[in-house]
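This report concerns only the one structure given below.
Every number in this text was worked out from the coordinates using simple rules, so none of it is lab data. Note that this is a predicted model, so its numbers are computed, not measured. Backbone-built Cβ (ideal geometry, glycine too); neighbour counts: all protein chains shown.
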Amino acid sequence: MSKEELKLLGKILEKVKSQLTIEGQKRVFEDKKKLRSSDLKEPQDPEEFTKKFLVEEIFRLFDVRIIAPEKHFEIPGGRREVDYAVESHGQKILIEVKPLNENLYKKDKSGAVNQVKGIFTLAEARENYDFGIATNGFRWIFINKDKQILDDLDILRDFNKIKAYFEGRQKLYRKKEEDISKKFYEEYRELLYGGKKIPKEKSLVNSILNVESEEEREEIAQILINRLIFIKFLQSMGLIKEDVLGYLSSLEEYELNAKLNQLFFEVLNTPEKSRGPVDPKFKDIPYLNGSLFGRIGAEKRNPDYKVRADILKKVVEFLNKFRFTHSEALEENGDFIDPEILGYIFERAMTARDRKGTGAFYTPRAITTYIAKNTVIPYLIERINEYLKAQGSLVRVSSLEDVFDKIPPVDLYHIWKNVVEKIKVCDNACGSGAFLLAVANTLFDIHKRFREATGQTDSDFALKKRILKSIYGVDINPRAIEIARLRLWLWVAESLNPQFVKPLPNLEYNLRVGNSLVGFIDLEKLKNIEVPINEYGDTRKFMDIIQLLKEKLLEYREAHGREARKLKRDIEELRGIINTQLNRIFYGELIQRGINIPKEEFIKLKPFHWGLEFYEVFDLEKPKEERGFDIIVGNPPYVASAGRSEISMKIRELDKMIFRKIYSVAKGQFDLYTIFIERSILTLKKNGKFGYIIPDAILVRDNNYYIRNFIIRNTSIMQIIMVGKCFVGVENSNVILLLSRGYSSKNTFLGLYIDEEYPKNIEIISSFPKSSGKVHINYLSQEDLNKLQNKEFLIRATPTIFKIFEFLDGVSYPLRELIEMKRGEELGKRSSLISKERKNREYLPLIAGEDFDRYELIKINKFIHVKHIFKDKKFYKKGKLVFRQTSDRIRGTYDSLGVITLKSVYNVLPNDLDPKLLLCILNSNLCSWFYLQTFGIYRKVFPQINQSTFRKIPIRPPHTHSPFITFAEYLLFLNKISKNRSAREKINEFIDKNVIDSLVYELYFKERFYKDGLYPEPKEFLLEAVAKHLKPINYDRWAELYWKKQIEGKLSEKEERELKELEEKNLKTVLDVVKKLQKDKEVMKWLQKIRSHEWVRVIEDSS
């Protein structure tokens, strides 16, 4: 921005500021709150003010011409509109404006972003306009015709970029990883299985000849295409100089299969010195690692399989459409495929059955990187400080920068070798290896810094080989493990020197197939047993076999060719001996715990014994506190133990039975990720770090109490970040959870809430803490969470809010102790059982959640026959309370009719309290605030009133009931009369928001008001001042007549007169009472005092 532009923009903003009151300036410019009419010196519509004083001034600054101040698009049955159509540098742009600081991402139709996206669903808009903008004057969100959000910019920080858009210098389309991978995946999938362009019978799976089993044809087809992709990467790296794929696609079918076998098994699977005669095109291809191109089981069982040449040509043509790059970074243009995107594609390519069964989804790169850095770096800092202390050094470090600034090179070298290279990191549900790759890259950056600081000359390839010794992964899906190995091999291979190619390290025993949740962790209790080693009864000491296995594993990591194959046979034999014994003992323990399952079913569970599979991590020669992983990261499966449909991916009954016996958190309804968390903590060493991305249901849902309690008592929380939606095609909202094993009563941690939609939230994570956007940072005490009865992770709560919760807990009862509650009939509102008219007396009035609001039954236009009512009829009697299930706050009313309700309604029967009294309390701002703070604000996907949280709302019954009942009747009456609507709304607001809310604050907080000097004693002064003015109205008789007229369509003349007289008399009473209250200085004094209290201000500001 030039000095002149800065000056002009400053003048515009100063002019805006000058139009605001002092309080308005603070709210809008400092607190970043939405502009209200009352913030302006001269009250006017906030949106019109924003247009006139800011948006149109910016138009002038950028030389933007307004074509139409309001642009309408006609659609069937109505029209859509935006605030401006403008022209700038030959571009036509549609712009929707909202008041200063308004949330542009509102999820309803009024949200500015949704409005612009909606406009671009119309052909007229797409054909005639180049892009759209949603703005509140300060924030400018650019949206292209494909409804992609291109940028979310701030007028001060991003002035030049906003200007570039208006001047046509900014690209309106960008290819994201999802776009490229979607294009690749769709063709990849069609090649494998057929589709629009390739008939199913000519797909790759059905072009594998001489294989009867469709499942085995699928396995061979997938490994074939995976190998070809890997070769494509090797060509891009310059490791294979010939166009081998092009050569293969030119061959006739009779020679193609022989050449494929030669390439895979006699060249890529065989060191150069051991090869026989090969095709001249293959002779310079280097040997990288035998296990990359070993025959899989399906190939061994079908040694004569062949592939049709025509489909292979299509595969090669497909691969040639994309530019493969070994670097994990996309360039500006072109469809680049890198190992990260390849992983995304492979995860999508897992069969629907695999994905549904495991609950696995691709994790965005920004998430994996954030978790990797924020576990690896804190762990290393702690270990480096321990090392320095043990060496007698007084130096202490708090960051990597400190490490390289404060520690001399000679000590850095020892730290590198004794701390950094010893780290052990695991993903225990690793899928295709996204987290492992992120950890590897994080460690690679750290190793490079140590190399530079110590003056060493190790190659990048050497560093990466060392790093792979630190990386471990487990997954129950063998295909996922194969892909993870492939990605890590590619990661190492990109650092090879094409002139001096060396074999890649063996990874089979770092990345394993197995069930992370079933099996032994530590083998301590088995170390002294004798293990049978053959069918003749010969035995050998367990530790002797383990020691031999340990030695052979160390040799195997660096072995190749025949030596590697021999070592692998020896290792598998030793593992088989020990694994058989471990399975026998573990199976016996399950039987002892009452889990009676057949042995073959147990083996199908794929038990995984950590102390065997990763013995070097759980080495029994180490002290117990030093066994275990240093870090565990990942994105575990999200599979529920209960659900209403197949989509819920329920945990099998067998698994559920086992988990309930061996995991402390597997109680009630539980999710698989909670089991993974417990298992992870138990496989960490003391002070080891943990990082997962999981559903936000862990924060406050009742069924996750046990895992929250486990976390609070066994770990020190490092960070909890509400990220929002992270996964394409999945509606879950997610959190990042970072922990350290070991509880500390003094622990404080970072709570972070990202108030942005996907993909902006992911962009924020990728640059945090330097990110821009709506990010709310909070530091919390773990002990505050521990004090909560349900251990909710209330990361948005301040110390004051925790004090309010503690106080409420001491003066109230949970709602569940005072009521009975049940949801309405399990029918949708479009059910064929529902009638729009009352056919006879056996059809009863029926309502859904949308048919009522706070203190108001809006309409009755649905009826249901008495024979279709299945719930307990006592919950439908008149005098009950009804509350909406789908809502962003508590919305309830009183039922004077006895209506039937649908499943979107909660029916509440108070035990002893008057229903209208309870309605006043539950509809109050305090109760809605409590609900939002303990549940509502932690659910980002769909606003619903959670039944269990609703039952926990604190209720403090007053000694005097009648004033609350009277006020409830006033509001129930006022909301149904049509006279003087605008005046009535002001009266409603006074009664509801001023008087009732204040009475409830006083009821709950009177002791605190007294303690803080606001009240002379802990007494209900406002209630006393108000009560002397109150007069009852005859609400019940009026409501009976009113609804009789609405439902039956008419009243008798006598009833009509009575209704009219009651309405006039009730209205006069209410107006007289309100007038007296507003004139009573005593009443107004207590109202003002209550509103001035810190707790009340906190509640009002955060409601």
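Take the Cβ atoms of Ser1092 and Lys41, set R0 to 30 Å, and the FRET efficiency comes out at 0.75. Cβ-Cβ distance of Lys422 and His776, R₀ of 60 Å, FRET efficiency by 1/(1 + (r/R0)^6): the value works out to about 0.95. Once the Cα atoms are used to define both axes, helix 478-493 deviates from the longest principal axis of the chain by about 70 degrees. Across the options Leu794, Ser716, Asn703, the greatest Cα extent toward the positive end of the charge dipole of the stretch 636-796 (unit charges at beta carbon of Lys, Arg, Asp, Glu) belongs to Ser716.
The residues packed around Asn687, meaning those with a beta-carbon under 10 Å from its beta-carbon, carry a net charge of +1 if Lys and Arg are +1 and Asp and Glu are -1.
Taking each of Lys3/Lys161; Lys862/Lys903; Lys7/Lys161; Lys241/Lys566 in turn, the alpha-carbon distance tops 20 angstrom for Lys241/Lys566.
Tally Lys/Arg at +1 and Asp/Glu at -1 over every other residue whose Cβ is under 12 Å from the Cβ of Glu216; what's the total? Its environment carries a net charge of -3. Peptide packing for 659-668, 704-713 was compared via the average number of neighbouring C-beta atoms within 10 Å per residue; ordered from the highest value, the list is 704-713, 659-668. Taking a ≥ b ≥ c as the square roots of the eigenvalues of the Cα gyration tensor, the stretch 636-796 is oblate, since a/c reaches 1.5 or more and a/b is not larger than b/c. The dipole here belongs to the stretch 955-1068: it is taken about the Cα centre, uses +1 on the Cβ of Lys and Arg and -1 on the Cβ of Asp and Glu, and is about 220 debye.
Between Ile860, Asn583, Leu1023, the Cα set farthest toward the positive side of the dipole of the chain (charges on each charged residue's Cβ, about the Cα centre) is that of Leu1023.
Each residue in Trp491, Trp416 was given a count of other beta-carbon atoms within 10 angstrom of its own, and listing them fewest first yields Trp416, Trp491. Here are some values of P(r) over Cα pairs in 20 Å bins from 0, in percent: [x] 10, 33, 35, 18, 4, 0; [y] 11, 34, 32, 15, 7, 1, 0; [z] 11, 39, 37, 11, 1, 0. Which one was computed from this structure? Only one option fits the structure, namely [x].
Among the GluC sites (Glu not before Pro) found in the stretch 825-911, those both in a DSSP coil and sparsely packed, with 14 or fewer other Cβ atoms within 10 Å of their Cβ, are Glu826, Glu837, Glu842. The modelled label-to-label distance for the pair Glu70/Lys17, using points 7 Å beyond Cα in the direction of Cβ, is 3.3 nm.
The dipole here belongs to the chain: it is taken about the Cα centre, uses +1 on the Cβ of Lys and Arg and -1 on the Cβ of Asp and Glu, and is about 2100 debye. Beta-bridge orientation, the chain: approximately 75 percent antiparallel, per DSSP, counting only bridges with both partners inside. Here the stretch 270-324 has an Rg and Dmax of 14.6, 36 Å, counting Cα atoms alone. The label-point distance for Glu985 and Gln170, in a model that sets each label 7 Å from Cα toward Cβ, rounds to 3.7 nm. Cross-link partners of Lys624 among aspartates and glutamates, defined as those whose alpha carbon lies under 17 angstrom from its own and excluding same-chain residues fewer than eight positions apart: Asp522, Glu524, Glu616. Spin-label pair Lys686-Lys1054: with each label point 7 Å from Cα along the Cα-Cβ axis, the two points sit 8.7 nm from one another.
Helix 672-682 axis versus longest C-alpha principal axis of the chain: approximately 60°, rounded to the nearest ten. DSSP bridge analysis restricted to the stretch 1-135 gives an antiparallel fraction near 75%, rounded to the nearest 5. Electrostatic tally near Gln885: other residues with Cβ closer than 11 Å to its Cβ, Lys and Arg +1, Asp and Glu -1, net +3. Identify the residues of the stretch 1012-1055 with backbone N under 20 Å of a label point that sits 7 angstrom from the Cα of Glu1082 along the Cα-to-Cβ direction, or state none. Within reach of a label on Glu1082: 1014-1032. Across the chain, C-alpha contacts under 8 Å between residues 6 or more apart give a mean separation that, scaled by the residue count, equals a relative contact order of 6 percent.
Helix 962-974 and the longest principal axis of the C-alpha atoms of the chain enclose an angle of approximately 90°. Among the listed pairs Lys829/Lys952; Lys117/Lys760; Lys568/Lys604, a Cα-Cα separation exceeding 19 Å is found for Lys829/Lys952; Lys568/Lys604.
Using a cut-off of 23 Å between Cα atoms, the listed pairs Lys11/Lys71; Lys106/Lys880; Lys406/Lys622; Lys417/Lys469; Lys661/Lys822 include Lys11/Lys71; Lys106/Lys880; Lys406/Lys622; Lys661/Lys822 as exceeding that distance. Each of Thr960, Thr966 was scored by other Cβ atoms within 10 Å of its Cβ. Listed from fewest to most, they are Thr960, Thr966.
Excluding residues fewer than 8 places away in the same chain, name every one of the lysines whose C-alpha is closer than 16 Å to that of Lys200. Qualifying lysines at Cα under 16 Å: Lys314. Annotation: extensible slack from Lys836 through Lys1044 equals 73.2 nm (criterion: 0.36 nm per residue apart, minus Cα-Cα distance).
By how many nm would the segment from Leu8 to Phe807 grow when fully extended, if each residue of separation counts as 0.36 nm and the alpha-carbon distance is taken off?
Here the answer is 282.4 nm.
Write out the GluC sites (Glu not before Pro) in the stretch 470-546 meeting two conditions: DSSP loop, and at most 12 other Cβ atoms within 10 Å of their Cβ.
Working: sites: Glu482, Glu494, Glu508, Glu524, Glu530, Glu535; in loops: Glu494, Glu508, Glu535.
Sites meeting the loop and neighbour criteria: Glu535.
Label point of Glu127 set 7 angstrom out along Cα-Cβ; within the stretch 46-84, amide nitrogens under 15 Å from it belong to 73-75.
Quick check on the stretch 575-729: take the gyration tensor over C-alpha atoms, sort the square-rooted eigenvalues as a ≥ b ≥ c, and tell me if it's rounded (a/c under 1.5), prolate or oblate.
Cα axes put the stretch 575-729 in the oblate bin.
When DSSP beta bridges are restricted to pairs lying wholly in the stretch 365-613, around 30% turn out antiparallel. Cα gyration tensor of the stretch 943-1022, axes a ≥ b ≥ c as square roots of the eigenvalues: rounded (a/c below 1.5), prolate (a/b > b/c) or oblate? It is oblate, given that a/c is not under 1.5 and a/b is not larger than b/c. The ranking of His959, His560, His776 from fewest to most other beta carbons within 10 Å of each one's beta carbon is His959, His776, His560. Compared with the direct C-alpha span, the chain from Asp619 to Lys1028 gains 139.3 nm at full extension, assuming 0.36 nm per residue. A simple packing score, the average count of other Cβ atoms within 10 Å per residue, orders the peptides 593-605, 1089-1101 as 1089-1101, 593-605, with the highest score first. Estimated from helices alone, the mean residue ellipticity of the chain at 222 nm is -13500 deg cm²/dmol (sum of -39500 (n - 2.57) over DSSP H runs with n ≥ 4, per residue).
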